[in-house]
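Visitor: Have a look at this one before I ask anything.
The values are calculated or read from the model by the stated rules, or taken from the named source; none is laboratory data. What you see is a predicted model; the values in this text were computed from it and never measured. Cβ placement follows ideal geometry from the backbone for every residue including glycine, while neighbour counts extend to all protein chains displayed.
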Amino acid sequence: MNPDTVRDTWTNRTGEYSPAYYAHYGPNETSALVRDTLREHLGRDAAVLELGCGSGRHLHHLAADGFGNLSGVDINCEAFDTMRETYPDLAAEGTFHCGAIEDVIEGFDDGRFDAVYSVETLQHLHPDVEWVFEEIARITDDLLVTAEIEKPVRESSPSDPDVNYVDDDTPLYYRDWSRVFTSLGLAEVDVVRGDRDTTRTFRVSD
């Protein structure tokens, strides 16, 4: 599967795992974990970016806790229509970018955000765009949080043990996020292993 095909699976996604699907369920345990992590390390005025923000359920949880400088990127433009319906205050007050992460991120200045985080998003990036991980490190001024699936939740294909499929068209790539971001100069300061995701917190080294 090539990068364009992977992007297309999310650009026009409806039904299961779509922005409306997640808006229906609202914030979850991961939302609370991200909030608590940011609360521990940063002030409420921190500039925060979510990669793959969807309709904004995690950002909404941050906004409800007093974080006010919130931004998001999502490839599915309908996510922002859903956000305006479900979380109108967030949609009005936040800053949002519709596009693939790899198309948007190069436009951000070095250290643009105090915190950057992703929830089950980086795991879907095609290997051909792994250069974007260095860009993520570049735009992060202090804190990076990754909540991603790192190990198979079901048996992978023997021919390709590093990828699985959410459905027939949506690949999930398993990566060692500790290795990825510590190799780019970030220091891992916390790990929380859940039933599904592993949430890692990284700090930018002085």
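Visitor: State all residues of the range 180-206 that are surrounded by 15 or more Cβ atoms within 10 Å (Cβ to Cβ) and in a loop (DSSP other than H, G, I, E, B); if no residue qualifies, say none.
Guide: Answer for the range 180-206, where residues must be surrounded by 15 or more Cβ atoms within 10 Å (Cβ to Cβ) and in a loop (DSSP other than H, G, I, E, B): 184, 197.
Visitor: Filter the range 37-51 for residues that are outside any loop (DSSP other than H, G, I, E, B) and either in contact with a helix residue (DSSP H, G or I) (Cβ under 8 Å, 6 or more places away or on another chain) or in contact (Cβ under 8 Å) with a residue 24 or more places away in the chain (or both) and give the result.
Guide: 37, 38, 39, 41, 47, 48, 49, 50, 51, listed by residue number.
Visitor: If you scan the range 52-89, which residues turn out to be of a type in the set (A, V, I, L, M, F, W, C), assigned to a helix (DSSP H, G or I) and modelled with pLDDT of 95 or more?
Guide: Selection gives 59, 62, 63, 64.
Visitor: So which of 116, 191, 153, 166 is at pLDDT below 95, under 17 Å from the mean Cα position of the chain (by Cα) and within 22 Å of residue 29 (Cβ to Cβ)?
Guide: Selected residue: 166, the only one of 116, 191, 153, 166 that is at pLDDT below 95, under 17 Å from the mean Cα position of the chain (by Cα) and within 22 Å of residue 29 (Cβ to Cβ).
Visitor: Could you go through the range 83-97 and let me know if any residue there is touching a Phe, Trp or Tyr at 6+ places or on another chain (Cβ under 9 Å), in contact (Cβ under 8 Å) with a residue 40 or more places away in the chain, buried (at least 24 other Cβ atoms within 10 Å of the Cβ) and not β-branched (Val, Ile, Thr).
Guide: Yes, the range 83-97 contains a residue that is touching a Phe, Trp or Tyr at 6+ places or on another chain (Cβ under 9 Å), in contact (Cβ under 8 Å) with a residue 40 or more places away in the chain, buried (at least 24 other Cβ atoms within 10 Å of the Cβ) and not β-branched (Val, Ile, Thr).
Visitor: Kindly check whether there is at least one residue in the range 112-132 that is part of a loop (DSSP other than H, G, I, E, B), in contact (Cβ under 8 Å) with a residue 60 or more places away in the chain and over 29 Å from residue 162 (Cβ atoms).
Guide: Yes, the range 112-132 contains a residue that is part of a loop (DSSP other than H, G, I, E, B), in contact (Cβ under 8 Å) with a residue 60 or more places away in the chain and over 29 Å from residue 162 (Cβ atoms).
Visitor: I need the full set of residues from the range 65-76 which are farther than 16 Å from residue 121 by Cα and either surrounded by fewer than 19 Cβ atoms within 10 Å (Cβ to Cβ) or out of contact with any Lys or Arg (no Cβ under 6 Å at 6 or more places or on another chain) (or both), in order please.
Guide: 65, 66, 68, 69, 70
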